[in-house]
Amino acid sequence: MNALAALRSAWRALSTNLLRSMLTMLGIIIGVAAVITMIAVGQGAQQRVEAQIKALGSNVMLVLPGAVSQGGIRLGAQSGQTLTEEDARAIALEVPEVQAVAPSLRTGAQIVAGNANWSTQVFGTWSDYFEVRDWPVAEGRVFEAGEIAGSGKVAIIGRTVAEQLFAGADPIDQIIRVKKVPLTVIGVLARKGQNSIGQDQDDIVIVPLSTFRNRIQGMGGGRLKRIGAATVKVREGLSMTAAEQNIRELMRQRHRLQPGQDDDFSIRNLTEMLAAQEESSRVMTLLLAAVAGVSLVVGGIGIMNIMLVSVTERTREIGLRMAVGARGRDILGQFLIEAVTLSLVGGAIGVVLGAAATWGVGAFAGWQVALSAEAVLLAVGFSAAVGVFFGYYPARRAASLLPIQALRYE
């Protein structure tokens, strides 16, 4: 019996008991749909974390002011102004793993441009900030050295601020007012999107750190020039752990902290935090796929059960085929084809249901999903393997029947 004839015979046998065949395929259908949906949800979560890492900038950590104590009472993280611009310069110059450092101060303010106004975050920093955050200026230019040193009245704005204040008009060389201080817009940042906690990163105005301190906040230069944070970018391929340890040792030395004394600063490795979140998403995806794969195994057991019943019901037919010349491998092939057909048809229906479920999760639950061809091929391939694995025993049992015993079976 050739393959085409065996396939026709298998399809005829399955269509004779159509309801039973559909119920047998139900486990495969549910399993394939579940595997595809769970992998799509998990891959969507991984892509979201990867986008957050890209938006943050690679190999980035934050150095923040630490807790201070007054009268034996610890006031909590960032309660003291313990960081200075000189600390940031020292980190950039003395820690070999560091590529660039950007100290910063920030505040909320109402921005006015002509008849438009918008409440946003104003950020004072150095030009290195754009390198640290991998955040290019899409239009215009970055700050010049003279503007950084001389409190230049210039600003670079995010896309959201540009849209709110200028409504599609070119913002370059336009004047905005920040706390009554007129600033010339010299650049517009590339779109960055939301961060990991859903804040719009494009809703920002960036000015030179000296401008922020002297003109907007009116803090004055002072001898120490306190800062609110220092964003550090580590060189590609170098150890974040080593950089963090070297920064900690340098800061303790600069702040004259004695052994056993608590740090008056804190270091947050943002990339490692997001990488851990990505790894958690990947593990969760594998667990969900494994749980969904159990449905495929259950479906395979159902196929084996039904195929055993089919062998019993068709014992006389098997004996008659062998009596007229059918070989054992022909019987084996026929029943294997029936089992694999059940799996593949169930897998095809499961793919359609899985794609629909993935679309529904993305559309109605608002989750980011990613339906990939690899997930579909994995689910369908596994379902076919289940058909072969669980169909082999019944097929082998049918092929091993003796013709005379099969013909006498009642």
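The values are calculated or read from the model by the stated rules, or taken from the named source; none is laboratory data. Note that this is a predicted model, so its numbers are computed, not measured. All Cβ positions, even for glycine, are placed from backbone atoms using ideal geometry, and neighbour counts span all protein chains on display.
Some observations on this one:
- The residues of the range 203-219 that are hydrophobic (A, V, I, L, M, F, W, C) and part of a strand (DSSP E or B), listed by number, are Ile204, Val205, Ile206, Val207.
- Considering each residue of the range 78-97 in turn, at least one proves to be part of a loop (DSSP other than H, G, I, E, B), of a type in the set (A, V, I, L, M) and modelled with pLDDT of 70 or more.
- With respect to the conditions (1) in contact with a helix residue (DSSP H, G or I) (Cβ under 8 Å, 6 or more places away or on another chain); (2) over 15 Å from Asn17 (Cα atoms); (3) surrounded by fewer than 20 Cβ atoms within 10 Å (Cβ to Cβ), Glu317 lacks only one, and its number is (1).
- Exactly one residue out of Asp134, Asp170 is at pLDDT below 95, surrounded by fewer than 20 Cβ atoms within 10 Å (Cβ to Cβ) and either on the phi > 0 side of the Ramachandran plot or polar (S, T, N, Q) (or both): that is Asp134.
- Flag if Gly237 is within 30 Å of Gln47 (Cβ to Cβ), assigned to a loop (DSSP other than H, G, I, E, B) and at pLDDT 70 or above: yes
- Set Ser280, Ser310, Ser343: member being in the same structural domain as Val35 (by TED's automatic domain parsing) and closer than 23 Å to Gly42 by Cβ: Ser280
- Of all residue pairs spaced 6 or more apart or on separate chains, those with beta-carbon atoms under 8 Å, a first member in the range 235-256 that is in contact (Cβ under 8 Å) with a residue 40 or more places away in the chain and under 11 Å from Asp87 (Cα atoms) and a second member that is surrounded by 15 or more Cβ atoms within 10 Å (Cβ to Cβ) and among the acidic types (Asp, Glu) are Met251/Asp87; Arg254/Asp87; His255/Asp264.
- Qualifying position, being without any contact (Cβ under 8 Å) to a residue 60 or more places away in the chain and part of a helix (DSSP H, G or I), among Leu320, Leu296, Leu287: Leu287
- Lone qualifier among Ala375, Ala406, Ala379, Ala326 - being at pLDDT below 80, outside any helix (DSSP H, G or I) and surrounded by 15 or more Cβ atoms within 10 Å (Cβ to Cβ): Ala326
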